[in-house]
């Protein structure tokens, strides 16, 4: 199993690569029919590229002719396909005629906060930076819990866990320190350890904060990731 | 139509207009498109693994089927837990004033992740609630925009930029001791909703 790792520095100038564990979702709700029989989700085909509107329009052109074709021959229904359950699929790109492309050129479009396009550029892959090439730096910047929760929207959280005794010692010490300081430590990239964290390639850069609590020899160390600060959006003029 | 939040604090009613706040609305966003050889934008579609079906947007339908294979209308579905017991459905709180609970400690929010946030513009704000929020108090609010079987932890708080309502989901993290090692099943379920994989382009061109 591919365990995610992060390299963390602590207040004592030490660093270690430790495990990140995602939150466990609570039991998902299931559904039953009126008889109490369990039901399952199913995705079925309604039409295909060969019977879709675009194909009909390209074949018949005029809407009157399409209507006539629908009445006379049911070209919009493929009896072999409609209602068939769709299994696993791969994503492909299709051109204006609905034909799959074997090579497509990706372009990155940038939109401003009002949804208007501002620029287009060639996409650049941004690598994850949880385990950087050079050891990370302890930022030394602490934020009180109270200020942190009222300032940021923490949209993701990962539990920082040990996989051996040395890591346990490192993480328990870090959690105890943060608990004693009653604050969250800014954890980030760059020479000052305050830059954004990118959890995986091309993921949204986020601000990271470490929160620690201890109960005897047990500890809870959580990496909170903030996607944005809580502030009202600007009104569009 | 604007959405409103109606709450009661110490017997006094307050009403807020709600505006969704997210990263897109604050910082903008980027989207990756695919262009064909002529520079025209391409649409995404799905190709079944057996290669038989090319499914463009709108060419599939979602349904629920029972053990006999019958399609069940959504209106006839009942929410059940993992043991098949029917769950109680909680009614929406929209349009009904809810009593705020708290104040609560900040670590209660830290036990959750935010799933949706709203900026609140007060239309009626009691002096008592205004004063409490200005002092940094954080409250829980029973808030359900639609009927649900799971309560949605929702927090009311303020900072120097305004008043906010944050809907959340619990993290469920537990304290760990020296003997507790991460399980092999702890995969990154949260990341499955990331933007699509553009490696396809690289693989196609290899």
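The values are calculated or read from the model by the stated rules, or taken from the named source; none is laboratory data. Keep in mind the model is a prediction, meaning the values are calculated, not measured. Neighbour counts run over all protein chains shown; Cβ positions are idealised from the backbone, glycine included.
Some observations on this one:
- Screening region A:39-59 for residues that are crowded, with 20+ Cβ neighbours inside 10 Å and assigned to a strand (DSSP E or B) and picking the one that is farthest from the other protein chains (Cβ to nearest Cβ) gives A:45.
- Residue that is nearest to residue A:120 (Cα to Cα), among those in region A:64-81 that are in a loop (DSSP other than H, G, I, E, B) and more than 9 Å from chain B (Cβ to nearest Cβ): A:76
- Qualifying residue in region A:68-75 (condition: under 17 Å from residue B:59 (Cβ atoms) and exposed (fewer than 11 other Cβ atoms within 10 Å of the Cβ)): no
- Only one of the numbered conditions (1) surrounded by 12 or more Cβ atoms within 10 Å (Cβ to Cβ); (2) facing chain B (nearest Cβ under 7 Å) is violated by residue A:103, and that is (1).
- Among the strands (runs of 3 or more DSSP E) confined to region B:1-81, the ones with at least 3 residues that are farther than 30 Å from residue A:54 by Cβ are located at B:3-9, B:12-21, B:78-80.
- For region A:156-237, the strands (runs of 3 or more DSSP E) that sit wholly inside it and include 3 or more residues that are within 11 Å of chain B (Cβ to nearest Cβ) and within 30 Å of residue A:115 (Cα to Cα) are A:218-229.
- Any hit, region A:152-172, residues being surrounded by fewer than 22 Cβ atoms within 10 Å (Cβ to Cβ) and at pLDDT below 90: no
- Here is the figure for region A:101-143: residues that are farther than 30 Å from residue B:55 by Cβ and touching a residue at least 40 places away in the same chain (Cβ under 8 Å) total 18.
- There is at least one residue in region A:131-150 that is within 20 Å of the chain's Cα centre (by Cα) and surrounded by fewer than 21 Cβ atoms within 10 Å (Cβ to Cβ).
- Qualifying residue in region A:114-122 (condition: at pLDDT below 85 and either surrounded by 12 or more Cβ atoms within 10 Å (Cβ to Cβ) or part of a loop (DSSP other than H, G, I, E, B) (or both)): no
- Per the listing B:192, B:150, B:167, the residue uniquely more than 9 Å from chain A (Cβ to nearest Cβ) and modelled with pLDDT under 90 is B:192.
The rows are residues; the columns are (1) more than 7 Å from chain A (Cβ to nearest Cβ); (2) crowded, with 17+ Cβ neighbours inside 10 Å; (3) at negative phi.
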| residue | (1), (2), (3) |
| --- | --- |
| B:13 | yes, no, yes |
| B:16 | yes, yes, yes |
| B:28 | no, no, no |
| B:46 | no, yes, yes |
| B:52 | yes, no, yes |
| B:55 | no, yes, yes |
| B:58 | yes, no, no |
| B:65 | no, no, yes |
